[in-house]
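The values are calculated or read from the model by the stated rules, or taken from the named source; none is laboratory data. No experiment lies behind these values; they were computed from the predicted model shown. Quick reminder, even Gly has a Cβ in these numbers, built from the backbone with ideal geometry, and neighbours come from all protein chains shown.
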4 protein chains.
Amino acid sequence: MEERLADNRGRIVLATRRLIAEGGFREAQMAAVAAAAGLSTGAIYRYFPSKAELFVEVLTEAVRHEIVILNAIAAGPEDATTRLRLAVESFAQRALEGRHLAYAFIAEPVDPEVEAARLHSRRAFGDVFKAILRDGIAGGEFPDQDIDVGAACIVGAFTEALVRPVAPTAKAVADRQRLVSAISSFCVRAITGAATAARRRAPLRPRSARR
Amino acid sequence: MEERLADNRGRIVLATRRLIAEGGFREAQMAAVAAAAGLSTGAIYRYFPSKAELFVEVLTEAVRHEIVILNAIAAGPEDATTRLRLAVESFAQRALEGRHLAYAFIAEPVDPEVEAARLHSRRAFGDVFKAILRDGIAGGEFPDQDIDVGAACIVGAFTEALVRPVAPTAKAVADRQRLVSAISSFCVRAITGAATAARRRAPLRPRSARR
Amino acid sequence: MEERLADNRGRIVLATRRLIAEGGFREAQMAAVAAAAGLSTGAIYRYFPSKAELFVEVLTEAVRHEIVILNAIAAGPEDATTRLRLAVESFAQRALEGRHLAYAFIAEPVDPEVEAARLHSRRAFGDVFKAILRDGIAGGEFPDQDIDVGAACIVGAFTEALVRPVAPTAKAVADRQRLVSAISSFCVRAITGAATAARRRAPLRPRSARR
Amino acid sequence: MEERLADNRGRIVLATRRLIAEGGFREAQMAAVAAAAGLSTGAIYRYFPSKAELFVEVLTEAVRHEIVILNAIAAGPEDATTRLRLAVESFAQRALEGRHLAYAFIAEPVDPEVEAARLHSRRAFGDVFKAILRDGIAGGEFPDQDIDVGAACIVGAFTEALVRPVAPTAKAVADRQRLVSAISSFCVRAITGAATAARRRAPLRPRSARR
DNA sequence: CATGAATGAGAATTCATTCAT
DNA sequence: TATGAATGAATTCTCATTCAT
């Protein structure tokens with residue numbers, strides 16, 4: 001029964017995430033969520049007191065997962081530049097899978113209650129990048145700079161570059177790779193101030209070799 | 001009479017913009033717009049056939065204004081780096097006045113009709129920056145790079161950095177200046193790959209001394 | 001000035017009739033009427049206290065005109081059968097010009113106030129036919145029958161046969177003639193109980209010649 | 001549960017029919033329908049996607065019922081004349097129960113979507129009579145004639161004769177019988193061209209005595 | 001007198017939430 | 001517990017009528 005409870009709860013969260021990812025908040029109505037989860041609308045209210053709280057959990061959950069991955073990268077052994085690039089690319093890669101979901105992270109929430117969660121998410125993402133930036137500056141790898149702004153800009157840059165709703169899928173993997181690496185190049189350049197790192201994808205060459 | 005017409009139309013647009021800026025699309029309901037404009041709901045429909053079209057006009061109008069300014073900067077006599085910086089700072093400065101409005105530009109729109117206008121807006125902003133990037137690359141000032149991604153990242157970067165809705169005003173002008181210049185530094189660095197601009201944090205040096 | 005007044009009044013009635021004829025009551029909104037009459041909405045209220053009263057006048061006016069013509073036929077020198085046929089054909093002919101107007105006569109009125117006028121119209125039409133029927137029965141030309149029902153049925157029969165909205169215009173005059181005479185044959189047969197009068201269009205042949 | 005569903009759906013249709021019968025389309029507003037059905041407005045939308053579709057169903061339903069009965073008569077063993085009379089009388093009899101509903105069949109519909117259903121209904125009624133006419137002509141019972149016009153005229157004749165809205169009920173059953181048979185006499189005469197039926201006004205003679 | 005902008009009472013529809021079964 | 005039908009407040013849009021100019 002405990003099992004079942006947890007099971008249903010998870011199904012609801014999953015269904016909601018999928019609906020948001022596919023059609024934004026607008027499509028994630030309680031009836032649709034219930035249908036997608038294979039439950040009744042009433043059942044949802046046994047697990048979540050309101051739509052807002054459900055959405056909050058979905059966001060929080062999705063972000064938590066993302067943060068774990070990013071933190072692992074941020075705590076890695078590579079130099080800050082590499083970690084920055086890896087983090088951006090890792091995030092970007094997954095965001096491409098679910099544009100609408102990523103979109104929802106920055107979208108005007110239907111409900112003000114959800115806003116708080118959204119803000120928290122962004123801050124959390126920012127924190128990961130801040131950590132890397134701090135490292136890089138401390139180690140002399142990055143020029144001194146406003147890490148709050150830098151982190152926010154990174155999040156914003158790839159969000160915007162990835163998320164704008166273009167043709168639904170279609171684009172080949174090749175294009176996707178190119179896009180992701182163009183974005184990460186942008187971010188690395190922005191932080192390091194080193195012009196060419198991005199185009200040549202060799203991550204560990206010494207700085208002197210760059211132009 | 002003509003006067004009156006134009007006057008009311010303007011009042012409606014203004015009221016709508018204000019409501020969106022304050023509370024997002026959600027708060028800008030027709031009744032609220034009417035009240036804010038000092039009119040009846042019916043009166044709005046004399047000027048706009050639907051809520052969607054009103055929103056579209058508000059967006060379009062705000063963007064048009066912005067684009068004119070940005071284009072003037074983009075077409076200026078300065079080198080591309082300077083123009084980039086000026087454009088970003090100019091935009092950022094004004095975006096700070098109306099966070100929520102800027103927010104609405106990237107928000108998930110209530111109405112699919114509005115979405116078209118939103119996309120167009122973003123493209124328009126992007127185009128301005130693309131022009132500068134093209135110039136700079138052609139003139140050897142910027143390293144070769146994907147200008148589509150670059151333009152999108154710029155828009156995203158400062159949108160994110162500016163727009164996160166904190167307490168409505170609060171921050172002093174000094175902070176604002178610093179914020180704006182940190183953002184523009186980020187963007188300039190990202191495009192030029194030159195770390196210079198950011199390191200010197202002296203916010204008040206005369207413009208001529210920069211470059 | 002008196003001139004002008006009457007002029008405007010007429011223009012309004014005319015415009016309303018035209019609008020009803022073209023699109024039914026639904027299209028005849030006060031703003032549309034005003035535009036069609038080349039006046040302001042306010043001006044209409046100088047001549048008519050309400051939309052309902054305007055509609056009533058339009059109906060009454062249109063019917064008065066019709067009744068005058070029909071009464072002339074009813075009072076003619078021909079035998080009752082001929083007059084009946086002529087009346088039906090005359091009415092039918094003109095109804096074909098403005099189906100929607102004829103339609104409006106039998107349509108559920110938008111406003112209950114208009115209903116009274118509509119009823120009056122139908123009664124008036126019925127009265128014309130009743131007169132003819134009475135004549136014909138009195139003169140032994142028609143079998144004895146319920147003239148109230150007969151008159152109503154005649155009005156209904158050709159209304160239905162003519163008014164059902166088929167392809168807008170198109171049909172040639174030949175078809176129109178055939179239609180009108182099929183209807184009048186139906187009505188004449190219904191009243192006289194004589195089977196073949198209609199097909200052979202010779203109106204005055206002696207009864208013995210018929211089958 | 002299934003029970004409940006069907007029950008409510010039926011209640012809604014019933015309530016709508018009653019409201020239309022009493023006050024026409026105009027009175028059958030969704031709120032009124034809901035109230036009459038003992039439900040909330042929202043509940044109606046569980047069963048019908050829109051007001052138009054509800055109206056269409058009400059019409060269709062009423063017509064289907066009618067058509068079944070009429071077709072049974074049209075397919076009966078009697079001669080065409082008798083079947084014609086029976087069909088008209090049967091229809092007329094029931095139309096007298098719900099004048100306004102019959103009225104709505106010929107009324108200018110509020111919504112263009114409903115118009116299609118209305119047209120279909122009339123055509124369906126017409127078809128029944130066309131079948132009888134065809135039979136009668138083929139069997140030499142009726143003179144040759146335009147059956148399209150004939151069918152339309154029949155429908156129109158008794159619609160008009162029955163439907164003119166007088167005081168809601170009032171008239172005694174005796175009057176009703178006489179009215180119905182006057183109408184059917186009119187129609188039979190119109191089609192057969194035989195004056196017999198109408199002249200003998202004795203309403204209560206046994207059916208076998210008629211021809 | 002004429003104008004036509006403004007009014008505002010409706011009417012249809014949506015959807016989160018509740019609650020009897 | 002689960003169900004899903006029912007609720008009803010909220011929202012957009014319409015159009016006859018009024019009234020300041």
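So here's what we get for this one:
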item	result
The range C:21-32: number of residues that are more than 8 Å from DNA strand F (Cβ to nearest atom) and either out of contact with any Phe, Trp or Tyr (no Cβ under 8 Å at 6 or more places or on another chain) or acidic (Asp, Glu) (or both)	4
Matching option when the condition is modelled with pLDDT under 90, surrounded by fewer than 20 Cβ atoms within 10 Å (Cβ to Cβ) and part of a helix (DSSP H, G or I), among A:ARG134, A:ARG118, A:ARG94	A:ARG94
Test: residue in the range D:25-32 that is within 14 Å of the chain's Cα centre (by Cα) and part of a helix (DSSP H, G or I)	no
Count of residues meeting criterion [farther than 22 Å from C:PRO112 by Cα, assigned to a loop (DSSP other than H, G, I, E, B) and touching a residue at least 12 places away in the same chain (Cβ under 8 Å)] in the range C:38-74	2
Tally of residues being surrounded by 15 or more Cβ atoms within 10 Å (Cβ to Cβ) and away from DNA strand F (no atom under 12 Å from the Cβ) across the range D:38-58	8
Flag for A:VAL149 being of a type in the set (Val, Ile, Thr) and facing chain B (nearest Cβ under 10 Å)	yes
Qualifying residues in the range D:44-83 (those that are of a type in the set (D, E, K, R) and out of contact with any Phe, Trp or Tyr (no Cβ under 9 Å at 6 or more places or on another chain)) - the one nearest to D:LYS130 (Cα to Cα)	D:ARG83
Tally, over the range C:124-146, of residues that are within 8 Å of another protein chain (Cβ to nearest Cβ) and out of contact with any Lys or Arg (no Cβ under 7 Å at 6 or more places or on another chain)	2
Sole residue being at pLDDT 90 or above, assigned by TED's automatic domain parsing to the domain that holds B:PRO77 and in a helix (DSSP H, G or I), chosen from B:SER181, B:SER185	B:SER185
Residues within the range D:107-144 that are of a type outside the set (A, V, I, L, M, F, W, C) and in contact with a helix residue (DSSP H, G or I) (Cβ under 7 Å, 6 or more places away or on another chain), tallied	15
Top-ranked residue of the range C:25-37 - restricted to ones that are surrounded by fewer than 19 Cβ atoms within 10 Å (Cβ to Cβ) and not aliphatic (A, V, I, L, M), ranked as farthest from D:PRO112 (Cα to Cα)	C:GLN29
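Yes/no per residue for (1) within 16 Å of DNA strand E (Cβ to nearest atom); (2) within 17 Å of C:ASP111 (Cα to Cα); (3) within 14 Å of chain D (Cβ to nearest Cβ):
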| site | (1), (2), (3) |
| --- | --- |
| C:ARG17 | no, yes, no |
| C:GLU22 | no, no, yes |
| C:VAL33 | yes, yes, no |
| C:ALA52 | yes, yes, yes |
